[in-house]
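Note sheet for the following structure.
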Amino acid sequence: QNTGRLTAEMFEAVFARAPLGPNGYVWPGTAAAQDASEQDLIDGWNEARAFLEKRNGKPYDEVFLMGFSSGAYFASSLAMRGRLDVDGYAVFAGGQPMGARSTPIERFSPVFVGVCADDETTAAHSRAFAGSLASAGIPRAMIERRVGHGLDHVHFTSALAYLRNKNKARLAAR
């Protein structure tokens, strides 16, 4: 895990790295690969979070899981299955459309989808993922930008604003 800290914004990020496989660092791309490595990845993220919260002397106010490119496909699967206890998800330049689940998810977290419209490989996948979210009734926002395969600053800041607003509304409704 790599960490970055932007203290002026009171924002801290943990940048997860895909597992090292025979072809390099690659996110699980099949159901079998995901089943084999998902819990280890989640445990590693939780360990990093616990370490940082201990170092900071307090728990985080908000936790968002974000994925870019192949990480977006992995994060989208986690979001659609309600796999993590996080305040929201954001996916950029990717996303895996999924059908309805046979068992209901207990906690839907809002999802931001950043569509890189000039990326012929991922744009249709991102749009289809947003459609899957809509079909499942998961709160979502989608913004398309005329950018290629990259993490656009407007996508990122829009995702953070959307997810923070959704989290504030959720907390106010308690």
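The values are calculated or read from the model by the stated rules, or taken from the named source; none is laboratory data. Note that the structure is predicted; figures quoted are calculated from it, not measured. Methodologically, a virtual Cβ is constructed for each residue, glycine included, from the backbone with ideal geometry; neighbour enumeration extends over all protein chains shown. Accessible surface is based on the protein model in full, side chains and every heavy atom, while ligands, DNA and RNA are left aside. Shrake-Rupley method; radii C 1.70, N 1.55, O 1.52, S 1.80 Å.
Residue by residue, here is whether (1) open to solvent by 30 Å² or more (accessible area, probe 1.4 Å); (2) more than 23 Å from Ala169 (Cβ to Cβ) holds:
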residue	(1), (2)
Trp45	yes, yes
Gly57	yes, yes
Phe74	no, yes
Met80	no, no
Ser109	no, no
Cys116	no, yes
Glu120	yes, yes
Ala123	no, yes
Gly131	yes, yes
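Within the range 111-126, if we keep just the residues that are part of a helix (DSSP H, G or I) and either among the aliphatic types (A, V, I, L, M) or touching a strand residue (DSSP E or B) at 6+ places or on another chain (Cβ under 6 Å) (or both), the residue that is nearest to Tyr73 (Cα to Cα) turns out to be Ser126.
Among the residues that make up the range 92-109, is at least one of them of a type outside the set (S, T, N, Q), in contact (Cβ under 8 Å) with a residue 12 or more places away in the chain, under 23 Å from Ala161 (Cα atoms) and outside any loop (DSSP other than H, G, I, E, B)?
yes
Annotation note: Cβ proximity below 8 Å between a residue of the range 63-79 that is assigned to a strand (DSSP E or B) and a residue that is open to solvent by less than 30 Å² (accessible area, probe 1.4 Å) and among the aromatic types (Phe, Trp, Tyr) (sequence gap 6+ or interchain) occurs for Phe64/Tyr89; Leu65/Tyr89; Met66/Tyr89; Met66/Phe92; Gly67/Phe74; Gly67/Tyr89; Gly67/Phe92; Phe68/Phe92. Tyr60 falls short of the stated requirement of being part of a helix (DSSP H, G or I), at pLDDT 85 or above and within 25 Å of Pro139 (Cα to Cα).
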